[in-house]
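The values are calculated or read from the model by the stated rules, or taken from the named source; none is laboratory data. This one's a predicted model, so the numbers in the text were calculated from it and none came from an experiment. Cβ sites come from the backbone with ideal geometry, for glycine too, and all protein chains shown count toward neighbours. Just so you know, the surface numbers come from the protein's heavy atoms only, side chains and all, with ligands and any DNA or RNA stripped out. Shrake-Rupley method; radii C 1.70, N 1.55, O 1.52, S 1.80 Å.
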Amino acid sequence: MSEETKPLNFIEHIIEEDLANGMSKNDLRFRFPPEPNGYLHIGHTKAIGISFGLGEKYQAPVNLRFDDTNPAKEEQEYVDAIKEDISWLGYQWANELYSSDYFQQLYDWAVLLIKDGKAYVDSQSSEAMAEQKGTPTQPGIDGPYRNRSVEENLDLFERMKAGEFSEGNHILRAKIDMQHPNMLMRDPIMYRILKKSHHRTGNDWCIYPMYDWTHGESDYIEQISHSLCSLEFKPHRELYDWFKEQVYSYSKKEYPKLPKQREFARLNLSYTIMSKRKLLKLVEDKVVSGWDDPRMPTISGLRRRGYTPNAIRKFVETVGVAKRDNVIDVALLEFCIREDLNKTAPRVMAVLDPVKLVITNYPEGKEEWLEAENNQEDESAGFRKVPFSRNIYIEKEDFREQANSKFFRLKLGAEVRLKNAYIIKAENVVKDADGNITEIHCTYSEDTSKKVKGTLHWVSIKHAVKAEVRDYDRLFMDEAPDSHEDKDFMEFINPESLKLVTAFVEPSLKEAKNGDRFQFQRIGYFNVDKDATPNQLIFNKTVGLRDSWEKQKPAQNTNQSPSKPQQNQPQRKAIDVIQQLGKKYTNLPEAKQQKVKSEIQELAKKVSYDELQPLFNTAAKKTGTRIAVMIALGVLLKNGLQPSTETDTFISNALEDKEALLVNEAKNVS
């Protein structure tokens, strides 16, 4: 859809209405105001995209303003990281500003508010003030210092600034209404004493303005036209307006225009936490290696994992601008990076779990350099040469001694195509003393015109380059890890979120540089990690090839009320899902089988013996279903089901079966 015909979101409607009512386009100004107390994460990309996107649409300036009002948590490291992230996303700010630039102006306005009887110094404990504030249904009560004289308030406030008092002795509060229905309007704190060095102003100040006092007034000083923030600030809008109206009466000649605050739904992502405090705990507890750990939802983490600015911007655009909070499936983010890298990433071959394959009729010592296409999605990508020899590596999961007709990879007596090379046929195997396959012996045919169903990737052993692959998965196992009142989010950490793999890659990757992205054919997308050296290649897994978004353009109405995807749909019985999972079990690679097995074990907790028992009579040819039933039976027996003649017979028959997978599961149960 072109920019001209693309429908306006509700914020754009507000701006268009303001322009139609007389606002000059030259008066449009926006800002992105992060607090420099942590790294930006995927949730921030929506706010970044909205503000900078409006700047691009209306050719209006966008300020990058750091709301640096809390020296206890702010560091220059965060400032630098935020600037790097925004630039990397492809946005350019008009002015780099800081709320600390306005500390003197804010102080001067606070003095004027005291003189007008609209602010006072309170000297109570925080507990006493909280008690007086009331509740959402009960009004607050005036504190004993609310009616201090102007002179006393001015004296105390000046002495607070001079450093005479300790932290917690006094605060400055706005004098609004302790009975106000909006609790934020019940004499909010404007200043507190903090005897900490500021990353920009050093020790010049020992009183610091609160966020609510600073934020709106910074917008006002910068003459921001539309102050855009997430929905949690909607209750703050009334206070935002009260503060700006007070200072407007003091400075309307210097700052003639008032900003307008409007709120949008924040970006929430499944299997992800967005709280800076909780992200910091992951770093401090060394659950992750740092803020840029590729499992982190930070922009720097996503960048290190191999995500592109285009993919993230596309994700934000697809999510859209909504008025109501909802949770976006992380699969959409994965869809966007997969689509982007599909167009741009060079294809290469890498084997992550190797088994040796010997082509017995290929001459010893011979090697060829075969032509391979770099990216079939990009005609300009060209071709490269890959070496071929008698001994190669393939993936262990790509071979079985015996398999059914639906297994299209290599098995004894069957043929497959080697990518960019020849057709091979498996003749026999060599095993060690424990029965593990150490070599697969094949013959090859130079007649590559034959039609075969399977195609395998490979690398020549003689030319292979050893590499470390960091196989990343989701950091949390729960869809909403920080939504459980009775559990800590740390309980949902995925112990399998990082697996270190020693892989073998084709020699063209020797020259790969930090950040280079590739598609490991038939596996997924990977990029070179910053830890890599000329002598040690290290790759991070960005995302797998399998498209969990089903290769269709996501169409999600983000303006709807949040709901669980299956809330209003009939729920399938657990026993039916187990049957369905079992149907294709024997055709799955080993890693996928383990995942499906875990799903079956979880579902089995919801199944009764009466539901499971009829499936003991499943036809012998439906091996996958019988395996699924055996896995489920194991769960029931573990949870207290008493063995019976029926269960014993089912297990005995399975132990005598020809399918090794079924025999193994029966052994686990017996």
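Quick look at the numbers
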| quantity | calculated |
| --- | --- |
| Long-range Cα-Cα pairs in segment 235-307 (distance over 17 Å), rounded percent | 62 percent |
| DSSP-loop chymotrypsin sites (Phe, Trp or Tyr not before Pro) across segment 330-408, with at most 16 other Cβ within 10 angstrom | PHE408 |
| Across LYS487/LYS595; LYS419/LYS462; LYS73/LYS499, pairs whose alpha-carbon gap is larger than 28 Å | LYS73/LYS499 |
| Estimated [θ] at 222 nm from DSSP helical runs (n ≥ 4, -39500 (n - 2.57)) normalised by residues in the chain, nearest 500 | -9500 deg cm²/dmol |
| From phi via Karplus (6.51, -1.76, 1.60), per-residue ³J(HN,Hα) for segment 300-309 in Hz, x at Gly/Pro | 5, x, 5, 4, 5, 6, x, 5, 10, x |
| FRET efficiency for GLU491 and ASN147, using Cβ-Cβ distance with R0 set to 45 Å, rounded to 0.05 | 0.35 |
| Ranked by how many other beta carbons lie within 10 Å on average, peptides 19-30, 653-664 from highest | 653-664, 19-30 |
| Between segment 371-418 and segment 615-670, the alpha-carbon center distance in angstrom | 35 Å |
| Calculated P(r) tail over 25 Å for segment 1-152, as whole % of Cα pairs | 55 percent |
| Karplus-derived HN-Hα couplings along segment 377-384 (A = 6.51, B = -1.76, C = 1.60, θ = phi - 60°), whole Hz, x at Gly and Pro | 8, 9, 4, 7, 6, x, 10, 9 |
| Rg ratio (alpha-carbon, reference 2.2 N^0.38 Å) - the chain | 1.22 |
| Segment 623-670, accessible area per residue, ligands and nucleic acids excluded (1.4 Å, Å²) | 51 Å² |
| Other-chain or far-sequence residues with amide H under 5 Å of THR542's (modelled H) | TYR525, PHE526, ASN527 |
| Set of aspartates and glutamates near LYS597 by C-alpha distance (under 14 Å), chain-local residues within fewer than 8 positions excluded | GLU665 |
| Residue pairs, from the table LYS46/LYS253; LYS175/LYS252; LYS584/LYS638; LYS260/LYS286; LYS286/LYS592, whose Cα atoms sit over 32 Å apart | LYS46/LYS253; LYS260/LYS286 |
| Crossing angle, helix 150-162 versus the chain [Cα axis fit, 0-90 degrees, rounded to tens] | 50 degrees |
| The chain: antiparallel DSSP beta bridges as a percent of all, rounded to 5 | 65 percent |
